[in-house]
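The values are calculated or read from the model by the stated rules, or taken from the named source; none is laboratory data. If you're wondering where the values come from, they're calculated on a predicted model, not measured in any experiment. Glycine also receives a Cβ, built like all others from the backbone with ideal geometry; neighbour counts cover every protein chain displayed. Accessible surface is based on the protein model in full, side chains and every heavy atom, while ligands, DNA and RNA are left aside. Shrake-Rupley method; radii C 1.70, N 1.55, O 1.52, S 1.80 Å.
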Amino acid sequence: MPLPDRNRWSEFRETARERREIARHQFNEWINAAKQEPALIWQTPAVRYAVYIVASVIGILVIRTTIGLIQPSPKEVVPRATTANFQVICTNQGCWHHFMIERKYRFTGFPVECPTCHQISGQQAMRCDSTTCRGRLVPSTVVDGRIRCVQCGGDLGKR
């Protein structure tokens, strides 16, 4: 014969209610006994282990802070970068040379001179994820504040 269906959560809830009353009664007895004999507080394992754990955590934090204060600071501070490397592709039909230039951040002086054909036809290269370009580096131009791919006209983002 199968066991009747029973709700384990309701059984757990009822058991917890019963134990809560018992625990409250035992805690009140312990408080009264501790008032009469204060040494009983330290003899209680839960209190003693809680004090050990809190003291250990505080000790570890103090040791970590002390070690952090004792360690020497770095001797050499590297200054913040002021320039960036830009990838450039020459848009001259016979050249299409890919090269890099180093300029200040927010450089907007494109087109630049190509070192191969010496024409002012170097445009900033960016990756175009369109179906035509498929993630290749392509020359880009700025049209109405938006960066556009020269080859397919795809939108590459905001300036």
Does Gly154 satisfy the criteria of being of a type in the set (Gly, Ala, Ser) and open to solvent by less than 60 Å² (accessible area, probe 1.4 Å)?
yes
Tell me, please, whether a residue that is closer than 30 Å to Leu137 by Cα and among the aliphatic types (A, V, I, L, M) can be found in region 26-37.
no
Please specify each residue of region 16-28 satisfying the condition of being within 46 Å of the chain's Cα centre (by Cα) and open to solvent by less than 100 Å² (accessible area, probe 1.4 Å).
Ala16, Ala23
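So for region 102-114 (the condition being touching a His at 6+ places or on another chain (Cβ under 7 Å) and closer than 30 Å to Gly154 by Cα), does at least one residue qualify?
Our first condition is that a residue be touching a His at 6+ places or on another chain (Cβ under 7 Å); within region 102-114, this holds for 114.
Of the ones still in play, those that are also closer than 30 Å to Gly154 by Cα are 114.
The answer is yes, given that some residue of region 102-114 is touching a His at 6+ places or on another chain (Cβ under 7 Å) and closer than 30 Å to Gly154 by Cα.
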Pairing a residue in region 2-31 that is under 21 Å from Ala46 (Cβ atoms) and without any contact (Cβ under 8 Å) to a residue 40 or more places away in the chain with any residue that is of a type outside the set (A, V, I, L, M) and open to solvent by less than 90 Å² (accessible area, probe 1.4 Å), where Cβ atoms lie under 9 Å and the two sit 6 or more apart in sequence or on different chains, gives Trp30/Thr44
Where a residue in region 57-86 is closer than 30 Å to Phe99 by Cβ and its partner, wherever it lies, is open to solvent by less than 100 Å² (accessible area, probe 1.4 Å) and among the polar types (S, T, N, Q), with Cβ under 6 Å and at least six apart
Phe86/Gln124
Members of region 3-15 found to be assigned to a loop (DSSP other than H, G, I, E, B) and either among the aromatic types (Phe, Trp, Tyr) or open to solvent by less than 100 Å² (accessible area, probe 1.4 Å) (or both), listed by number:
Asn7
Name the strands (runs of 3 or more DSSP E) wholly inside region 29-134 in which the number of residues that are open to solvent by less than 50 Å² (accessible area, probe 1.4 Å), touching a Gly at 6+ places or on another chain (Cβ under 7 Å) and modelled with pLDDT of 85 or more is 2 or more.
83-90
